[in-house]
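The values are calculated or read from the model by the stated rules, or taken from the named source; none is laboratory data. Everything quoted here is computed from the prediction, not taken from an experiment. Positions of Cβ are backbone-derived with ideal geometry, glycine not excepted, and every protein chain shown enters the neighbour counts. Ligands, DNA and RNA are excluded from the accessible area calculation, which covers all protein heavy atoms including side chains. Shrake-Rupley method; radii C 1.70, N 1.55, O 1.52, S 1.80 Å.
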Amino acid sequence: VQLQASGGGLVQAGGSLRLSCAASGSIFSINVMGWYRQPPGKQRELVATITSGGNSNYAGSVKGRFTISRDNAKNTVDLQMNSLKPEDTAVYYCRQRQRGDEYWGQGTLVTVSS
């Protein structure tokens, strides 16, 4: 499985960005897709996940500001990020988990200026 992420960039605090991730390859219909991020000098952390059935889960720090969605037919997962804060600055990674395996996309940098 290959994951291709896009949509990062520079935005001012309070602004919005939308990240997209497209999966290709041998994709099992039952899987979990998600977004993780790694702030500068910190460990990678969960942002949000969503199952193929549409159940989502969010980190407390982004709940109410970020929305994860997916299109099972296109094997894509998006992350709509609103009300961005400087502390949201990080490299964001797309991840898919299926049948006990996990796959990561390349990171996309999100920088939020104050």
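What to note about this one:
- Scope the stretch 58-83; condition outside any loop (DSSP other than H, G, I, E, B), in contact (Cβ under 8 Å) with a residue 12 or more places away in the chain and not acidic (Asp, Glu); matching residues: PHE66, THR67, ILE68, SER69, ARG70, THR76, VAL77, LEU79, GLN80, MET81
- Number of the condition not met by TYR92 [criteria: (1) within 12 Å of GLY34 (Cβ to Cβ); (2) over 11 Å from the mean Cα position of the chain (by Cα); (3) open to solvent by less than 70 Å² (accessible area, probe 1.4 Å)]: (2)
- Checked against (1) among the hydrophobic types (A, V, I, L, M, F, W, C); (2) in contact (Cβ under 8 Å) with a residue 24 or more places away in the chain; (3) over 20 Å from ARG99 (Cβ atoms), LEU46 meets all criteria but (2).
- Looking across ASP78, ASP71, one residue alone is over 15 Å from VAL91 (Cβ atoms), open to solvent by less than 60 Å² (accessible area, probe 1.4 Å), among the acidic types (Asp, Glu) and out of contact with any strand residue (DSSP E or B) (no Cβ under 7 Å at 6 or more places or on another chain). It is ASP71.
- Residue in the stretch 38-59 that is buried (at least 17 other Cβ atoms within 10 Å of the Cβ) and within 16 Å of GLY9 (Cβ to Cβ) present: no
- Considering the stretch 18-37, and only residues there that are touching a strand residue (DSSP E or B) at 6+ places or on another chain (Cβ under 8 Å) and assigned to a loop (DSSP other than H, G, I, E, B), the residue that is least open to solvent (accessible area, probe 1.4 Å) turns out to be ASN31.
- Test: residue in the stretch 106-114 that is within 24 Å of ALA23 (Cα to Cα), part of a strand (DSSP E or B) and in contact with an Asp or Glu (Cβ under 7 Å, 6 or more places away or on another chain): yes
- Residue match in the stretch 15-29 (condition: among the aromatic types (Phe, Trp, Tyr) and in contact with a Leu (Cβ under 9 Å, 6 or more places away or on another chain)): no
- Selection within the stretch 39-68 - of a type in the set (S, T, N, Q), closer than 17 Å to TYR93 by Cβ and under 11 Å from the mean Cα position of the chain (by Cα): THR49
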